[in-house]
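Each remark here refers to the structure printed beneath this line.
The values are calculated or read from the model by the stated rules, or taken from the named source; none is laboratory data. All values derive from a computational prediction rather than experimental measurement. Cβ coordinates were reconstructed from backbone atoms using ideal geometry, including for glycine residues, and neighbour counts include every protein chain displayed. These accessible areas exclude ligands, DNA and RNA; they are computed on the full protein's heavy atoms, side chains included. Shrake-Rupley method; radii C 1.70, N 1.55, O 1.52, S 1.80 Å.
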Amino acid sequence: MTGILIKLVSTLVLVSMSALIRGLGPEVPVGEIVFCRNFFALIPIVIWIASRGDVRAGLATDKIGANLVRGILGVASMFCSFWALSRLALPDNTAIGYASPLVVVILAAVVLHERVRIHRWSAVGVGFCGIVIILWPHLAGGQLAAALSGGSDGAETALGALFALFGTLLSAAAMIQVRQLVLMGERTGTIVFYFTCFAALTGLCTLPLGWVVPDPRTAAMFVAIGLCGGIGQLLLTACYRYADASLLAFFDYTSMIWSVTIGWFAFGDAPTAYVLVGAAIVITAGIYVILRERKLGIAPPPLIAAAPASLR
């Protein structure tokens with residue numbers, strides 16, 4: 001119960017971070033948001049690493065190349081996801097993010113050569129049918145062409161859906177790289193620290209492209225986004241000390257409850273029938289995959305089970 005409670009709080013904290021990013025709007029450059037999200041997240045992360053003992057030993061690594069690949073994939077996912085958040089309703093963005101565990105199954109078979117049987121392949125296929133339903137109102141009826149040409153009022157929303165999907169695919173690829181790092185013996189805190197530093201530096205490199213000078217409200221939101229990101233990531237790590245990953249994975253889907261609630265009250269983002277039906281299909285497929293992996297004894301590392309949330 002302790003692990004479940006921490007998991008629920010972590011999903012609320014990370015959805016709150018997404019809501020804050022959505023609240024900034026498209027006027028704030030994505031690179032500036034990426035920098036603040038990771039720079040201020042370093043505060044709780046460094047405190048956590050220090051509390052666990054020798055900081056030097058905790059940050060020591062000989063896997064620079066593998067961490068760099070993880071960083072590139074994760075930062076690319078973060079840029080896509082943050083760009084989408086400012087242009088897409090919160091429930092829509094969350095529902096599209098549920099495709100990530102399904103993509104992880106595919107990549108685990110292709111890249112890590114894990115055995116995936118017909119049951120899980122079938123669940124992945126059904127899950128992607130749900131993703132198509134979620135994306136349909138954004139990309140059907142000429143919306144995709146309008147998005148690419150920028151020729152309609154719905155172009156921003158359609159582009160937001162595309163970027164959310166790209167971010168989800170990149171997130172899954174990053175999680176496969178995290179899994180490889182874990183199998184190579186890299187510590188969780190080390191992976192998180194170096195990724196956060198890399199993401200902050202990448203965001204800082206976008207400064208010449210034009211940043212806004214934040215007013216007090218925006219500055220406070222920047223700090224809150226970073227702290228929520230760092231604390232949420234640490235809570236995700238902590239919850240696996242008290243319960244199995246295969247059990248806690250079910251509670252990833254409570255993020256839809258938080259997204260609908262916060263989106264409704266903060267932005268008036270009412271979920272459409274397409275989102276509700278598509279999300280229900282994807283969640284059902286995801287739960288089936290979880291049950292199947294639990295039956296087969298497949299226990300993904302904590303950062304794998306927390307893939308979408310830990311990256312945003």
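Checking Ala238, Ala285 one by one, the residue that is open to solvent by 20 Å² or more (accessible area, probe 1.4 Å) and of a type outside the set (Phe, Trp, Tyr) is Ala238 and no other.
Among residues of the range 3-30 that are touching a residue at least 40 places away in the same chain (Cβ under 8 Å), those with a Cβ under 7 angstrom from a residue that is open to solvent by 10 Å² or more (accessible area, probe 1.4 Å) and acidic (Asp, Glu), sequence gap 6+ or separate chain, pair up as Thr11/Asp252.
Only one of the numbered conditions (1) in a helix (DSSP H, G or I); (2) open to solvent by 10 Å² or more (accessible area, probe 1.4 Å); (3) not aromatic (Phe, Trp, Tyr) is violated by Leu102, and that is (2).
Consider the range 58-68 and keep the residues that are in a helix (DSSP H, G or I) and out of contact with any Leu (no Cβ under 9 Å at 6 or more places or on another chain). The one that is surrounded by the most Cβ atoms within 10 Å (Cβ to Cβ) is Gly58.
Restricting the first member to the range 109-134 and to residues that are assigned to a helix (DSSP H, G or I), and the second to residues that are open to solvent by 40 Å² or more (accessible area, probe 1.4 Å) and among the hydroxyl-bearing types (Ser, Thr, Tyr), the beta-carbon pairs closer than 7 Å and six or more apart or on different chains are Ala123/Tyr288; Ile133/Tyr274; Ile134/Tyr274. Within the range 245-269, the residues that satisfy the criterion of being without any contact (Cβ under 8 Å) to a residue 60 or more places away in the chain and open to solvent by 40 Å² or more (accessible area, probe 1.4 Å) are Phe250, Ile257, Thr261, Trp264, Phe265, Gly268. Against the numbered list (1) among the charged types (D, E, K, R); (2) in a helix (DSSP H, G or I); (3) in contact with an Asp or Glu (Cβ under 7 Å, 6 or more places away or on another chain), Arg87 comes up short only at (2).
May I ask you to verify whether Phe163 is out of contact with any Pro (no Cβ under 9 Å at 6 or more places or on another chain), more than 30 Å from Ile133 (Cα to Cα) and modelled with pLDDT of 90 or more? So Phe163 fails the test.
Look at (1) at pLDDT 80 or above; (2) touching a Pro at 6+ places or on another chain (Cβ under 9 Å); (3) not β-branched (Val, Ile, Thr) and you find that Gln143 fails only one, number (1).
Screening the candidates Ile47, Ile72, Ile96 for the property of being under 15 Å from the mean Cα position of the chain (by Cα), surrounded by fewer than 19 Cβ atoms within 10 Å (Cβ to Cβ) and at negative phi yields one hit, Ile72. When the helices (runs of 4 or more DSSP H) confined to the range 171-287 are screened for residues that are of a type outside the set (Phe, Trp, Tyr) and either within 30 Å of Asp62 (Cβ to Cβ) or touching a strand residue (DSSP E or B) at 6+ places or on another chain (Cβ under 7 Å) (or both), those reaching at least 3 such residues are found at 188-204, 216-239. Name every residue in the range 57-71 that is under 16 Å from Ile176 (Cα atoms) and touching a residue at least 12 places away in the same chain (Cβ under 8 Å), in order of residue number. Those that are under 16 Å from Ile176 (Cα atoms) and touching a residue at least 12 places away in the same chain (Cβ under 8 Å): Lys63, Ala66, Asn67, Leu68, Val69, Arg70, Gly71. Taken together, the residues in the range 198-210 that are under 21 Å from Leu42 (Cα atoms), surrounded by fewer than 18 Cβ atoms within 10 Å (Cβ to Cβ) and touching a residue at least 60 places away in the same chain (Cβ under 8 Å) amount to 4. All of (1) in a helix (DSSP H, G or I); (2) over 13 Å from the mean Cα position of the chain (by Cα) hold for Ser18 with one exception: (2). Taking the condition open to solvent by 50 Å² or more (accessible area, probe 1.4 Å) and not in a helix (DSSP H, G or I), does Pro26 pass? Yes.
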